[in-house]
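To start, the structure itself, in structure tokens.
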Amino acid sequence: MSSTKKIKTALVSVYHKDGLDEILKKLNSLGVSFISTGGTREFIESLGFPCQAVENITGYPSILGGRVKTLHPKIFGGILSRRELPEDAKQTKAYDITEIDLVIVDLYPFQETVDSGAEEKDIIEKIDIGGISLIRAAAKNFKDVVIVPSKGQYSALSALLDNKQGSSEIDDRKWFAKEAFGVSSEYDSAIFNYMDKDECTAFRKTENKVKHLRYGENPHQKGSFYGDFESLFEQLHGREISYNNLLDIDASVSLISEFNETTVAILKHNNACGIASKATVLEAWNIALAADPLSAFGGIIVSNTKIDKEAAEAINTIFFEIIIAPAYDTEALEILTQKKNRIILVQKGEITETSQFRSLLNGVLVQDRDLSIQNKEDLTLVTRRQLEGTELEDLLFANKLVKHTKSNAIILVKDKQLLASGTGQTSRVDALKQAIEKSHTFGFSLQGAVMASDAFFPFPDCVEIAGNAGITAVIQPGGSVKDDLSVEYCNENNISMVMTGVRHFKH
């Protein structure tokens, strides 16, 4: 039997009518007859096309407040009948069942209703029963039926109608069936997650948009990104974004979101190698770059303020891969686009996802995103020496930065400028020594600087090393059984220490 199937009869049952009129016009011009219910049938007839009512086929009206309309053997028999089987043909004829070749569905907006904050009774009513059943039935019988499970597939159906004049091949129908099960699985996952709420009895996550990357973390690894990148960013210039680029972009925008005043950060391998908050973008850039101009080469630049011409001219003097900002002056773009591969992004929105996950051990690890950050009111001064001058602002600045730095992490700051960091060390002492050595490499004095640690000090060794280097104030979460040893050292050596009570590990 030929795999080519002619569309003769279409069942249409949609919630949203957007874009449907053009599809219907094409189907009507190809001689396709329509079956539908309620508002959809009225819409089809308003376009001047005849449409047979489902209730006239089934002999039953829409009942139970519209909960039962299409659920009937005369509808599902028309979808599920196997055209090649004589016994199916015999039964459809005996029960006067019309074969349905195309099913177009757009489900009740369940997730949109949840997101709107509606009451539970309204949310439950948006659990589609008939529509999801039509989708599964038509997708199962893809050998004979074309299933269009949402308006997201309208363009593909339109192209099929244009190119094949109302016929389809098995590969076409199988593709639509695959899309259909994608729609139904996402819909069911949304319902499950709503019902499951905070119980977390199973992991269900779906993403419809996919971007196949050149490769993964290394060229021998495949890589893909599932998500709506375009809702957060507009790419103005540059080459295709890679797997590692995406990791750096995520780290960059997560970090910069902590700062309200004009701030520029430079990141490399997900860690900041330079960051400063100053009066202008140019000043912030120059001071951020001074922290580590060597690591800045090939790095990621992110600003929370529009990039102007003066800043662009300064930034353009080094090689970098990506720049991210909320906006750019026209003259700034003319300068920054001089390198053809340089990726230039406009950040349009914030990351709103409140959970994060990663795969490991043949499973998935899930947690809340670390959205906690400490303000002045959250700090507890545990030493006799009070904070002086800009130390409080610098400590808060350093604490934001250490939160976004790989553990074990130490951050050294003065005047809202990163002087140096120790990142990803197996010992906190090593992280501090790394930071001190790095600060000296680039000519910084640590006299009057402050230190942030992502976790507590189990011994006073770190505060002793820091104090000998010129550090005058420390911020840390506290919580060690030996906190008193570090506090005692600070009291004896005129160092201020504040505790936050919040640890910021990042692995």
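The values are calculated or read from the model by the stated rules, or taken from the named source; none is laboratory data. Just so we're clear, the structure is a prediction, and the values are computed from it rather than from any experiment. Positions of Cβ are backbone-derived with ideal geometry, glycine not excepted, and every protein chain shown enters the neighbour counts.
Couple of notes before you dig in:
- Looking only at residues of the range 1-23 that are more than 33 Å from the chain's Cα centre (by Cα) and hydroxyl-bearing (Ser, Thr, Tyr), we find that the one that is modelled with the lowest pLDDT is SER2.
- Yes/no for LYS222 being modelled with pLDDT of 95 or more and loosely packed, with under 12 Cβ neighbours inside 10 Å: yes
- Listed by position, the strands (runs of 3 or more DSSP E) enclosed by the range 389-507 that each have at least 1 residues that are buried (at least 19 other Cβ atoms within 10 Å of the Cβ) and within 32 Å of the chain's Cα centre (by Cα) are 410-413, 418-422, 450-453, 473-476.
- For the range 300-311, the set of residues classified as closer than 25 Å to ASN244 by Cβ and surrounded by 24 or more Cβ atoms within 10 Å (Cβ to Cβ) consists of ILE300, ILE301, VAL302, SER303, ILE307, listed by residue number.
- Selection count where residues are surrounded by fewer than 24 Cβ atoms within 10 Å (Cβ to Cβ), free of Cβ contacts under 8 Å to residues at least 24 places away in the same chain and under 15 Å from THR305 (Cβ atoms), scope the range 262-292: 2
- Failed criterion for PHE203 (all others in (1) of a type in the set (Phe, Trp, Tyr); (2) in a loop (DSSP other than H, G, I, E, B); (3) over 30 Å from LYS121 (Cα atoms) hold): (3)
- Boolean, VAL253 is on the phi < 0 side of the Ramachandran plot and in a strand (DSSP E or B): no
- Only one of the numbered conditions (1) on the phi > 0 side of the Ramachandran plot; (2) crowded, with 21+ Cβ neighbours inside 10 Å is not met by GLY117, and that is (2).
- Matching strands (runs of 3 or more DSSP E) fully within the range 3-89 where at least 3 residues are closer than 22 Å to ALA156 by Cβ: 9-14, 33-36
- Residue within the range 81-96 that is hydrophobic (A, V, I, L, M, F, W, C) and in contact (Cβ under 8 Å) with a residue 24 or more places away in the chain present: no
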